[in-house]
Amino acid sequence: RQADNVKAIGQLSPDLMGFILYPPSPRFLQEEALDELLSLLSDDTSTVAVFVNETAEEMIRICKQYGFSYAQLHGSESAEICQKVKAKGIGVIKAFPVSDSIDLDLLKTYEPFVDYFLFDTKTKSYGGSGKQFEWNLLSTYSLDTPYFLSGGIGESDIETILNSSLPGCVGIDANSKLEIEPGLKNIEASADLIKQIRNRRNKRS
């Protein structure tokens, strides 16, 4: 939420960078600040507007007005809501909370209308808990839609994740474990996490 912090993270060139537009969140960002903060990022980083149970119309308005590449739907949004957003040319990331199982049949109903799934630890709130779920629940993932792994991931977890069998996993959503306080990222920890992933990526290319 702070310009200097956004700029510093942006200079690490993350593939995606999220801004939380859910008022009850301690990381909530006022819409009035978006123009300034988004202007600090290069075209190398795609921007993500994170919503929780917002109307399709409002999500579309914000994404179009501020040029967000993706809308991340982190609540109980229906497949129909995802369809409305995607139909407007906005990428859709649909988050699902995970406790002890993953409902592939439910996910299939969303597949035509999302670009990525995101699997986060199930809690009473909507993400940002700093808690992990059992990643091996995804070892038999068989759908075509790629996903991001989330939930209490920090720089010390990257080697384990990279060495795990996680078919369909194309990225890591890191948040609370990289924070000094809600909405303020630790630059050194963030740089370390990104470096580890890119080092592995470069070795494979």
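The values are calculated or read from the model by the stated rules, or taken from the named source; none is laboratory data. Source: prediction; values computed, not measured. Positions of Cβ are generated from backbone atoms using ideal geometry, with glycine treated the same way; all protein chains shown enter the neighbour counts. Surface accessibility is based on the protein's heavy atoms, side chains included, excluding ligands, DNA and RNA. Shrake-Rupley method; radii C 1.70, N 1.55, O 1.52, S 1.80 Å.
Tabulated values for the structure
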read-out: Surface share of carbon and sulfur [accessible, 1.4 angstrom probe, percent] for the range 23-153; value: 47 percent
read-out: Label-point separation, Ser101 to Ser76 (7 Å along Cα→Cβ), nm; value: 1.9 nm
read-out: Pairs of Lys in the range 8-126 closer than 14 Å at Cα, counting only those 8 or more apart or on different chains; value: 6
read-out: Summed residue charge, Cβ within 11 Å of Ile90's Cβ, Lys/Arg positive, Asp/Glu negative; value: +4
read-out: Accessible area (Å², per residue) of the chain, counting only protein heavy atoms and a probe of 1.4 Å; value: 52 Å²
